[in-house]
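For reference, the structure discussed in these notes is given below.
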Amino acid sequence: MPARDVPVREPSTTLDTRYSSEGATPTAWTAAVGGLTEAEVFWLATLRPEGRPHVTPLIAVWMDDALHFCTGPAERKAHNLAANSHCALTTSTAGGNDLHAGLDVVVEGEAVQVGDEETLRRLADAYAAKYGGDWRFEVRDGAFVGGGGRAVVYRVAPETAFGFGRGETYSQTRWSFTGTG
């Protein structure tokens, strides 16, 4: 596993007591970043041009205070993001579906295409370090190139994020990045 990316932007953190156990405390953003760094599978939610939702699983890496993912330029999610760049990525720790353990993290933000080749090379190295040699990409003409062809890369910096802690104590934490820098 790659070294954990230390967060630079510190959000304002709020516990929603309506959906949290008595005595719960907000989850630290560093714990959410740990989950985002270690998680292998993410779910991307976008909107189709006519407004219907589209959700698909994918892999992603956390680097430079943002999640990064890639997709073929002809795929549904790329078409959706071209029409509306706002999206949400979700993941879960502790195997995901255990009601009594783990942390679910939802990141909402704008997907911005990454074209800088130095950044793309660092991301390609991060993908290979996290997911192994089957996910090694070349960088060419502002995109990843691999066994599946050309893939555009997107960066989603959190605007708002949510953490849903499960276990003996349930918690719902909101992290807001508005006005942080």
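Starting from 0.36 nm per residue, how many nanometres of slack lie between E50 and R174 once their C-alpha separation is accounted for? All intermediate terms of the calculation are to be shown ahead of the outcome.
Numbers: separation 124, 0.36 × 124 = 44.64 nm, distance 2.93 nm.
In short, 41.7 nm is gained.
Between E110 and A128, the contour length at 0.36 nm per residue exceeds the alpha carbon distance by 4.0 nm. When you count the other C-beta atoms within 10 angstrom of each residue and take the mean per peptide, 52-60, 121-129 line up highest first as 121-129, 52-60. Give the shape of region 35-131 as rounded, prolate or oblate, defined through the alpha-carbon gyration tensor: a ≥ b ≥ c are the square roots of its eigenvalues, a/c under 1.5 means rounded, and otherwise the shape is prolate if a/b is larger than b/c and oblate if not. Taking the square roots of the gyration eigenvalues as a ≥ b ≥ c, region 35-131 is oblate. Principal-axis analysis of the Cα atoms of the chain puts helix 29-38 at an angle of about 40° to the longest axis. In percent, how large is the relative contact order of the chain, given Cα pairs closer than 8 Å and 6 or more residues apart? The value is 29 percent. Taking amide H atoms as placed 1.01 Å from N in the peptide plane, the amide H of Q113 lies under 5 Å from those of R155, each 5 or more residues away in sequence or on another chain.
What is the extension gain from T119 to S85, computed as 0.36 nm multiplied by their sequence separation minus the C-alpha to C-alpha distance, in nm to one decimal? Intermediate values should be presented prior to the final figure.
Values: separation 34, 0.36 × 34 = 12.24 nm, distance 2.01 nm.
Going from the current span to full extension adds 10.2 nm.
Values in this text are rule-based calculations from the coordinates and carry no lab data. Being a predicted model, the structure only gives us computed values, none of them experimental. For neighbour counting, all protein chains shown are included, and Cβ atoms are generated from backbone atoms with ideal geometry for every residue, glycine included.
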